[in-house]
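Okay, so here's the structure we're looking at.
The values are calculated or read from the model by the stated rules, or taken from the named source; none is laboratory data. In this text the structure is predicted, and so the values were computed from the model without any measurement. Cβ: placed from backbone, ideal geometry, glycine included. Neighbour counts: every protein chain shown.
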Amino acid sequence: MGGPSIWLKRDDLIGIGLGGNKARKLEFLLGDALAQGCDTALTTADLHSNFLRVFSAACNRLGIRPVVFMRGRPEEPTGNYLCTKLLGAELHYINTQDPYAQSTIEAMRDCARDVEKRGGKPYLIHLGTFSGPLATVGYIAGAAELFASGLAIDAVYTAAGSGGTHAGLLAGTRLLKKNAAVIGVSVNVEANRLAHNVCGMANEALKLMRQPPGIALSEVEITDEFVAPGYGRVNDKGAEAIRLLAETEGILPDPVYTGKALAALIRDLEAGRWAKGQNVVFLHTGGAPNLFTHGPELLARGQTAPTAATKG
């Protein structure tokens with residue numbers, strides 16, 4: 001792109017359930033479930049969620065029964081929805097698109113009580129609320145792995161949904177006393193709301209690690225410029241970014257998360273925010289099954305991808 005060196009952190013290659021950033025969070029969440037002797041795990045997300053796919057796969061690997069509460073109604077099984085069904089999760093459908101709906105949490109708790117009545121031991125996961133801090137610790141570990149590379153990193157870009165990945169990277173960067181900027185690209189809600197969530201989760205995660213909190217709201221950088229036309233829907237800039245990475249590097253972002261995050265990075269590169277000689281890391285958080293869910297929209301958009309001035 002004619003500016004800094006751009007590096008990809010390939011968390012899409014984490015090897016369970018087609019990979020992605022959710023595996024780092026589940027390492028700690030399901031580790032906690034096992035430590036408590038739980039045999040059933042319950043969680044919630046959108047019908048086409050990356051998290052539900054990896055959650056179901058990880059539960060199967062660990063001998064835990066996966067129960068998922070999907071926002072949406074049954075439809076043709078494609079993408080992540082198909083994967084979650086193939087992985088054998090117990091499916092419940094909920095009539096809301098609000099990821100923070102209290103009604104969903106209550107439905108999960110009702111189901112957990114039924115598990116207990118049958119002699120099981122349930123473990124509830126809700127990334128946007130009570131499970132957020134522990135999930136965030138997974139990306140504090142991820143930040144440690146990233147900086148152990150020895151690369152002098154000036155900035156890290158990541159897609160931000162629930163905000164746990166962003167929060168963990170931010171907390172890890174501060175904990176390791178690095179000066180890298182962490183830029184989150186919202187895919188679902190307005191920036192101010194998400195920034196409060198990220199700040200809270202980052203500080204709570206530091207407390208879990210017996211480290212002093214102290215990340216200020218002003219330190220949380222998030223853009224919501226690429227949310228439109230909404231969560232799980234394709235936009236032109238995201239489609240162009242997908243084509244650019246595919247046609248120059250043979251790597252496929254997804255339209256829900258990483259395509260939009262890459263579009264934000266391209267915007268900043270074109271604005272000259274990062275200079276030659278600097279190192280910018282793009283976190284590829286996975287999500288390839290979403291390409292197959294949005295095929296017609298992707299083909300209708302992004303026909304003219306930005307031209308890379310130089311490759312690399």
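Details
So that you can scan it fast, the table gives a plain yes or no per residue for (1) under 24 Å from residue 37 (Cα atoms); (2) in contact with a strand residue (DSSP E or B) (Cβ under 7 Å, 6 or more places away or on another chain):
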residue: 70; (1), (2): no, yes
residue: 73; (1), (2): no, yes
residue: 137; (1), (2): yes, no
residue: 161; (1), (2): no, no
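- The residues of region 236-270 that are crowded, with 21+ Cβ neighbours inside 10 Å and not in a helix (DSSP H, G or I), listed by number, are 253, 254, 255, 256, 257.
- Just one of the listed residues (29, 13) is of a type in the set (A, V, I, L, M, F, W, C) and either assigned by TED's automatic domain parsing to the domain that holds residue 71 or within 26 Å of residue 71 (Cα to Cα) (or both), and it is 29.
- Qualifying residue in region 280-293 (condition: touching an Asp or Glu at 6+ places or on another chain (Cβ under 6 Å), crowded, with 19+ Cβ neighbours inside 10 Å and polar (S, T, N, Q)): yes
- Qualifying residue in region 32-43 (condition: more than 25 Å from residue 119 (Cβ to Cβ), hydrophobic (A, V, I, L, M, F, W, C) and assigned to a helix (DSSP H, G or I)): no
- A count restricted to region 158-190 and to residues that are closer than 24 Å to residue 264 by Cα and either in a loop (DSSP other than H, G, I, E, B) or in contact with a Pro (Cβ under 6 Å, 6 or more places away or on another chain) (or both) stands at 10.
- Residues in region 104-127 that are within 24 Å of residue 160 (Cβ to Cβ) and not aliphatic (A, V, I, L, M): 104, 126.
- Selection status of residue 273, over 22 Å from residue 147 (Cβ atoms), of a type in the set (Lys, Arg) and either in a strand (DSSP E or B) or out of contact with any Phe, Trp or Tyr (no Cβ under 7 Å at 6 or more places or on another chain) (or both): no
- Of all the numbered requirements in (1) touching a residue at least 24 places away in the same chain (Cβ under 8 Å); (2) basic (Lys, Arg); (3) in a helix (DSSP H, G or I), residue 193 misses one, and that requirement is (1).
- Exactly one residue out of 232, 259, 250 is under 22 Å from residue 49 (Cβ atoms) and free of Cβ contacts under 8 Å to residues at least 40 places away in the same chain: that is 259.
- Counted residues, region 128-184 - those being closer than 14 Å to residue 194 by Cα, surrounded by fewer than 24 Cβ atoms within 10 Å (Cβ to Cβ) and among the hydroxyl-bearing types (Ser, Thr, Tyr): 1
- Exactly one residue out of 47, 42 is crowded, with 21+ Cβ neighbours inside 10 Å, at pLDDT below 95 and either hydroxyl-bearing (Ser, Thr, Tyr) or under 23 Å from residue 132 (Cβ atoms) (or both), and it is 47.
- Residues in region 160-218 that are charged (D, E, K, R), under 24 Å from residue 274 (Cα atoms) and out of contact with any helix residue (DSSP H, G or I) (no Cβ under 9 Å at 6 or more places or on another chain): 177 only.
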